[in-house]
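Working notes for the structure below.
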Amino acid sequence: MSNVLRATLLSLFGSLAFGCASPGPPATTATPSMPSTPSTPSTPADLVISAGVVRTMDPAKPRAEAIAVRGERIVFVGSAADTKAFVGPGTRVVELPGRAVVPGLVDGHGHLYGLGVALETLSVRGTKSAEEAAAVVAEAAKARPRGEWITGRGWDQNRWPGAAFPTHAPLDAAAPEHPVALRRIDGHALWANAAAMRAAGVGKDTQDPPGGRILRDAAGEPTGVFVDNAMGLVEAQIPADPPAVRERRILRAAEEALSSGLTGVHEMGIDDETVAVYRALAAAGRLPIRVHAYLAGEGRLEGLGGRAPDVDATGTARFVLRGVKLYADGALGSRGAALLEPYADEPSTKGLLLMDREALARAARLVADAGFQLAVHAIGDRANRAVLDALEALGPGRAAALRFRVEHAQIVSPDDLPRFSALGVIASMQPTHATSDMPWAPARLGAHRLKGAYAWRSLLSSGARVVFGSDFPVEEASPLLGLHAAVTRQDLAGQPPGGWMPAERLDLDEALLAFTAAPAYAAFAEGQRGRIAPGYVADLTVLGRDLSPVRSLVDTPIDMVVVGGRVARAPAPP
């Protein structure tokens, strides 16, 4: 094991990683029950897997050949020959020569329900112009009753000629008798037609809401684009999804996640109605992956005092509501990210700070007092500083004890990079955001602000805990795309040569840690999940080949997924 990997594991797990005494968790959390380590195969295993290589993420045994599983837990990791002692009449033996087994890959920041919605609603992703996106809407309108809302997602004006925001005119022509509301690819801007604006009562006299912006033409009329909190003006009119629809969407998205090799997702920002559906699915044994969930905090903070976070002492729960999600700013692509200096390509704005330092500090205290874990969306350097200031105001060690997180940490002032480690705040980041944004981010920021942009290596080297995810459906769900972006900082065509800002690249083991051990820590499950070792929960991802050379990452097949010792995605027959 490399010294870098060992140091990273020590940073992630502290003394737990190497068997020393632990200082113990804060009073608001439960101590994870450390699993016992079986020494002999007293009873046969239920499942034995042998493969070309097992990448354990365990510093005591980084590589192995085979794994034995009994019930939900791993009972042996070692040579294929030694696993024979665990094979009995009822043992399922899976031999996968040439394959690689890694701890179950976890997306540390995704929107599982949002993915389910995206899979069932209109997609305009990849369209090359506003007119092409409107043509997709026109086709959908043909099959919809008059007056039914058409909703969807995926447009990105940065990929269109001129990179200008669209107006409602193309949508009006495409669907004059249907209200249309399409979220931008990052979810932080909405494109609506005139029918949707009429339904929302939006007109020239409508004021921008706090933390939101209605784009207007030269005469002051709304153009049809609503940024951040202004989206709610239109979306409040869209009919709510009933429980049966939410269940269908969750299950469909979960199957999509499994097919991508994920055994778990940190679900960011869901409402109470969606929480109830998740709980029912988990209680019925129908949720195929693990979901560590964060309640959408807007409008719910004052009620936290009467609630308690879920605690999963064994690491085996399929659904845990542990945290609260808030937004400090918007997104860079829609110029809603809050910057310390004006946008280089639109000097009239510094973006939108959705919660100032004082509001963030009040919210953080409410969340901390209720014992929940806080996750705050912060993309711009001004937003990141405001969040760090607010968490520092909680007092020494409190944010670290509750494992508070900054989601995205995308543009950070170099002066603020060391504060993540100093405060014990988790940096939850998405590698594919860098490779998606690199064609236009320099124009937004200017060269001088790139030093703290998408700075995974700088944060990790400073001692910060870094968790990786995808932010799907903003990006694709496959963690292999995130691994590729993390270690190459190149797009799928291999551009730019040598990688974009290559000093921020990670090595493969570091990137794997950010998709395995780091999400386990962020979910208070570092003693239960995130590595392949005796006593740990048997969440495993089996890949069609080892993850080297790096160029083969993105087209590596997912051969098998195991969740809690049960095969959730079976290997294809030879």
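The values are calculated or read from the model by the stated rules, or taken from the named source; none is laboratory data. Computed from a prediction, not measured in an experiment: that's the story for all the values here. Here the Cβ positions follow ideal geometry from the backbone for every residue, glycine too, while neighbour counts run over all protein chains shown. The accessibility values were calculated without ligands, DNA or RNA, using every heavy atom of the protein model including side chains. Shrake-Rupley method; radii C 1.70, N 1.55, O 1.52, S 1.80 Å.
Observations
- The alpha-carbon of LYS142 sits under 16 angstrom from the alpha-carbon of none of the lysines, leaving out residues fewer than 8 places away in its chain.
- Neighbourhood net charge (11 Å Cβ-Cβ; Lys/Arg +1, Asp/Glu -1) for VAL324: +4
- C-alpha long axis of helix 130-141 to longest principal axis of the chain, angle in °: 80
- In this structure the amide hydrogen of ALA453, modeled in the peptide plane, comes within under 5 Å of the amide hydrogens of VAL412, none closer than 5 places in sequence on its chain.
- Local charge for GLY154 was computed over the other residues whose Cβ lies under 9 Å away, with Lys and Arg +1 and Asp and Glu -1, and equals +3.
- Just the protein heavy atoms count here, and of the accessible area of region 173-248 at 1.4 Å, carbon and sulfur take up 53 percent.
- Computed over the Cα atoms of region 462-574, the ratio of the radius of gyration to the Kirkwood radius (Rg/Rh) comes to 0.98.
- Span from the region 182-213 Cα centroid across to the region 260-337 one, whole angstrom: 26
- Classification of region 152-192 by its C-alpha gyration tensor yields an oblate form. The axis ratio a/c (a ≥ b ≥ c) is 1.5 or more, and b/c is at least a/b.
- Charges were assigned to the Cβ only: +1 to each Lys and Arg, -1 to each Asp and Glu. The resulting dipole of the chain about its Cα centre is roughly 1060 debye.
- Counting every alpha-carbon pair across region 199-243, the share separated by more than 15 Å comes to 43%.
- Extended-chain gain in nm, criterion 0.36 nm per residue less alpha-carbon gap, LYS142 and ARG198: 18.0 nm
- Proportion of all alpha-carbon pairs of region 203-296 beyond 22 Å (%): 47
- Derived scalar couplings ³J(HN,Hα) [region 178-192; Karplus, 6.51 cos²θ - 1.76 cosθ + 1.60; whole Hz; x for Gly, Pro]: 10, x, 10, 9, 10, 6, 5, 4, 8, x, 10, 8, 10, 10, 10
- Under 30 Å from the Cα of LYS451 - lysines, other chains or at least 8 residues apart: LYS325, LYS350
- Partner lysines for LYS61 [C-alpha distance under 17 Å; skip if fewer than 8 residues away on the same chain]: none
- Separation of region 95-132 from region 133-151 is 24 Å, based on Cα centroids.
- Evaluating 6.51 cos²θ - 1.76 cosθ + 1.60 at θ = phi - 60° for every residue in region 211-219, the Karplus couplings come out as x, x, 8, 9, 6, 10, 8, 5, 8 Hz, glycine and proline recorded as x.
- The chain: radius of gyration over Cα atoms, expressed as a fraction of 2.2 N^0.38 Å: 0.96
- Working value for region 70-153: equivalent-ellipsoid semi-axes of 51, 15, 13 Å, each the square root of 5 times a Cα gyration tensor eigenvalue, largest first.
- Gyration tensor verdict on region 150-232 (Cα atoms; rounded if a/c is under 1.5, prolate if a/b is larger than b/c, oblate otherwise): rounded
- Along principal axes, Cα extents of region 328-397, largest first, whole Å: 41, 18, 16
- Near PRO502: Cβ cut-off under 15 Å, other residues only, Lys/Arg at +1 and Asp/Glu at -1. The net charge is 0.
- A cut-off of 5 Å between modelled amide H atoms, ignoring neighbours fewer than 5 places along the same chain, links ARG73 with ALA538.
- With Cα atoms, 0 to 90° folded angle of helix 479-488 axis to the chain main axis: 90
- Across the options TRP456, LEU480, PHE515, the greatest Cα extent toward the positive end of the charge dipole of region 445-526 (unit charges at beta carbon of Lys, Arg, Asp, Glu) belongs to TRP456.
- Solvent-accessible surface of region 119-234, averaged per residue with a 1.4 angstrom probe and all protein chains in place: 43 square angstrom.
- The C-alpha atoms of the chain define a longest principal axis, and helix 3-13 lies at about 80 degrees to it.
- Sparsely packed trypsin sites (Lys or Arg not before Pro) within region 144-247, loop by DSSP, other Cβ within 10 Å at most 11: ARG146, LYS204
- Prolate/oblate/rounded call for region 365-516, Cα gyration tensor, a/c under 1.5 rounded: prolate
- Take every DSSP beta bridge whose two residues both sit in the chain; close to 45 percent of them are antiparallel.
- Here the simple spin-label model places points 7 Å from the Cα toward Cβ, and for GLU132 and ALA570 these points are separated by 4.1 nm.
- Amide H within-cut-off set for ARG569, under 5 Å, with H built and near neighbours excluded: VAL561
- Gain on full stretching of the segment that runs from ARG307 to ALA503 - 0.36 nm per residue minus C-alpha separation: 66.1 nm
- Accessible area of region 431-574 belonging to carbon and sulfur atoms, whole % at 1.4 Å probe: 54
- Per-residue 3J(HN,Hα) values for region 296-313, derived from phi via the Karplus relation 6.51 cos²θ - 1.76 cosθ + 1.60 with θ = phi - 60°, read 5, x, 4, x, 10, 5, 5, x, 5, x, x, 10, 9, x, 5, 10, 10, 5 Hz in sequence order (x marks Gly and Pro).
- Take GLU526: with every protein chain present and a 1.4 Å probe, its accessible area is about 10 Å².
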